[in-house]
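Only the coordinates and a few stated rules stand behind these numbers; no lab work does. Bear in mind the structure is a predicted one, so any value in this text is a computation, not a measurement. Heads up, the Cβs are rebuilt from the backbone with ideal geometry, glycines too, and the neighbour counts pull from every protein chain shown.
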Amino acid sequence: MDVTPGSATLGREWVSFDPASASATLRFRARPDFGNRHGTVQGGFLAAMLDSATGITLLATLPQELTAVTISLNTRFERPAPIGALTVKARVVEKDERDATVEAEVMSPDDTIVARGRAKLRIRKRQPV
C-alpha cells in the first residue's frame with residue numbers, strides 16, 4: 001500500500017493482513033511531539049491512527065479501481081496511551097457495494113487497549129490523479 005504523507009507522519013507500518021477475515025495488524029510510532037500535557041499521546045493522534053488503520057484495512061479488500069473515504073469515525077478513549085510504538089488491530093465487519101464498517105483497537109506495548117474506533121466508509125471509483 002502507498003505511504004501517504006499522513007500515514008508517514010503517524011509512522012504507519014503493515015504488520016500483517018488476513019484476506020480471509022478482512023483483518024489487519026498495523027504499527028504506529030507515536031512521536032514525543034504527539035504528547036499532551038500529561039506526557040501521553042493526545043487523543044487526536046489516536047483518532048488519526050484509527051482512521052488510517054480502518055481506511056487502509058478496507059482498501060486492502062477492494063479491487064484496484066475502487067477506493068474509500070471515511071464518512072464517520074466514532075472513537076472511545078479507554079486509557080492513556082504511551083509515547084512510542086502502538087499496535088492497531090482492524091477488521092471489516094460489514095461491507096456491501098457502497099458502504100463498509102471497520103472496527104479497530106489501539107493497543108499499548110503491553111497489549112492494553114487504549115482506544116477503540118468504529119468507522120463508516122463510502123466505497124467509490126478511484127478518480128484519475
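Here are the numbers for this structure:
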quantity: Label-point separation in nm, ARG79 to ARG27, each point 7 Å along Cα→Cβ; calculated: 2.0 nm
quantity: Within the range 57-80: backbone nitrogen closer than 18 Å to the ILE113 label point (7 Å, Cα to C-beta); calculated: 73-80
quantity: Spatial separation of Cα centroids for the range 75-104 and the range 55-72, in angstrom; calculated: 14 Å
quantity: Length-normalised contact order for the chain - Cα pairs under 8 Å, 6+ apart - percent; calculated: 26 percent
quantity: With Cα atoms, 0 to 90° folded angle of helix 43-59 axis to the chain main axis; calculated: 30 degrees
quantity: Alpha-carbon gyration tensor eigenvalues x 5, square-rooted, for the range 5-125, Å; calculated: 25, 13, 13
quantity: Stokes-Einstein diffusion coefficient of the range 5-66, Kirkwood radius over Cα pairs, 25 °C, 0.890 mPa s, in µm²/s; calculated: 193 µm²/s
quantity: Linear extension gain, VAL3 paired with SER16, 0.36 nm per residue minus alpha-carbon span; calculated: 3.1 nm
